[in-house]
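Data first, discussion second: the structure below is written as structure tokens.
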Amino acid sequence: MSGSLTFREVEIVPPGGAPPYIGDLRIEDGLITAVGLVDRAAGEIIDGRGLTLLPGVIDPQVHFREPGLTHKEDLETGSIAAARGGVTSFLEMPNTSPPTIDRAAVLDKHARATGRCRAHFGFFFGATPTNAAAIDDVTGLVCGLKVFMGSSTGTLLVDDQAALEAHFGQGSRVPIAVHAEDETRLRQNKARLSALSLDVSSHPLLRDVETALLATRRAVALAERFQRRLHVLHLSTADEVELLRQRGRDGLVTSETLPQFLFFDSRDYFRLGTRLQMNPPVREAHHGEALMAGLLDGTIDCMATDHAPHTLDEKARPYGEAPSGMPGVETLLPLMLHASAHGHCSLTQVALWLCEGPARVWGLSGKGRLEVGYDGDVVLVDRRRARTLRDEDMSSRCRWTPFAGWTVVGTPVLTALRGRPVVRDGVLQEAVFGEALIFDH
Ligand code: DOR
């Protein structure tokens, strides 16, 4: 990482909840070396007047589909979508084909990502009913162990108590991330509702609040019993927020939620159909309000996208055959800038939930803060520039967004990896690639 990049007179969003201020920031040889007033600037100088500088966004939950499902996305296209959305680091899920369930599959993902990904990358290891001991083969190579407690896209599922105990009790320091939906409840709901002709608006009935709550409760109990670090992925209910709020924060259990759950509610099924179908589901508006309250009061640690691309042809199948999931890595930051522009949260909170929060949860030392000594992963945004989101402008191979037609205020204008611009004004730059993330577990 050689070279120097300086932003002059830019609005800087500092860490730790402090308010933004106008200053300079310099990155040299990949690291932030000065913040505030830069007296000596060599290399490229960017006039930041009227613009805002945030730490590069960390998306801690994406599905980039490689290997095996690359007609939907691959590590390169997914990472380009990330970089264009101001995301400089991502953590990728194991439900690929084959799934990432042994050391060879993890090494294969690293080999595929190196020299191709346009953002820094980390990978989850997938839990199976029988691979609990295998985590010791991949410690240091993966960000976390992903446990699908309820079935979703792909074949991964661990719902048997003994198998869950084997994973939680393994004694590893690698955090466990759960897809918290209770498989037994899900099957009961399916049986109970099978006589009815369901459409996508019934998705939140099939995967109801109890389905999520039961699994989250079970995962928290396991984490407490075995004192194993737990992260609850994509919280979707007011009830889970309350459970975690009552439990209090002790660093053992962390959680995230998604923009889909804040910006959509169950009425949107009538407009968007199966485009909006995902697991866990988008629910009634009061859940979204409770999730936002959970972010605002610090019960929820961070945001992710659960970027889960499927083609529009696949999504056009009838409910029951259409796959669950929607893309989002490219729209996370614009949407949250939009939310802050409309007074739903502050810019500082956006940085907390999208940068500092995920860095803390996943032990990404050197990431997520605009501070001397931190990595020079940054995103420069124009907080006033509005843009109408359109399917055809998306970089994801699936080429659509559930937010098509929305005009959002807040647009990334430059994304840099360790001080090297990877996207400028939406245009991908040559020969700038991400690196494997290092986890401080
Ligand atoms: O809706 C979802 N889609 N939820 C998941 O848990 C997986 C994801 C996918 O991979 O498509």
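Odds and ends about this structure:
- Just one of the listed residues (292, 278) is farther than 26 Å from residue 198 by Cβ and in contact (Cβ under 8 Å) with a residue 12 or more places away in the chain, namely 292.
- For the range 291-331, taking the residues that are in a helix (DSSP H, G or I) and within 16 Å of the ligand (Cβ to nearest atom), the one that is surrounded by the fewest Cβ atoms within 10 Å (Cβ to Cβ) is identified as 313.
- Residue in the range 182-194 that is of a type outside the set (S, T, N, Q), under 30 Å from residue 336 (Cα atoms), surrounded by 15 or more Cβ atoms within 10 Å (Cβ to Cβ) and within 13 Å of the ligand (Cβ to nearest atom) present: no
- Annotation note: Cβ proximity below 9 Å between a residue of the range 222-246 that is on the phi > 0 side of the Ramachandran plot and a residue that is away from the ligand (no atom under 16 Å from the Cβ) (sequence gap 6+ or interchain) occurs for 227/252.
- Test: residue in the range 55-78 that is within 17 Å of residue 370 (Cα to Cα), more than 16 Å from the chain's Cα centre (by Cα), part of a loop (DSSP other than H, G, I, E, B) and not acidic (Asp, Glu): no
- Filtered residue count, the range 349-364, keeping only those that are over 24 Å from residue 436 (Cβ atoms) and within 11 Å of the chain's Cα centre (by Cα): 1
- Residue tally, condition under 20 Å from the mean Cα position of the chain (by Cα), not in a strand (DSSP E or B) and not aliphatic (A, V, I, L, M), over the range 141-182: 8
- So residue 371, is it surrounded by fewer than 17 Cβ atoms within 10 Å (Cβ to Cβ), at pLDDT 95 or above and away from the ligand (no atom under 16 Å from the Cβ): yes
- Filtered by the rule that a residue be more than 9 Å from the ligand (Cβ to nearest atom) and among the hydrophobic types (A, V, I, L, M, F, W, C), the range 138-154 gives 138, 141, 142, 143, 145, 147, 149.
- Flag if residue 286 is surrounded by fewer than 24 Cβ atoms within 10 Å (Cβ to Cβ) and assigned to a loop (DSSP other than H, G, I, E, B): no
- Of everything listed in (1) under 17 Å from residue 59 (Cβ atoms); (2) in contact with a Pro (Cβ under 7 Å, 6 or more places away or on another chain); (3) among the acidic types (Asp, Glu), the single unmet condition for residue 435 is (2).
The values are calculated or read from the model by the stated rules, or taken from the named source; none is laboratory data. The structure presented is a predicted model; accordingly, all values stated were derived computationally and were not measured. Don't worry about glycine lacking a Cβ; one is built from the backbone with ideal geometry, like all the others, and counts go over all protein chains shown.
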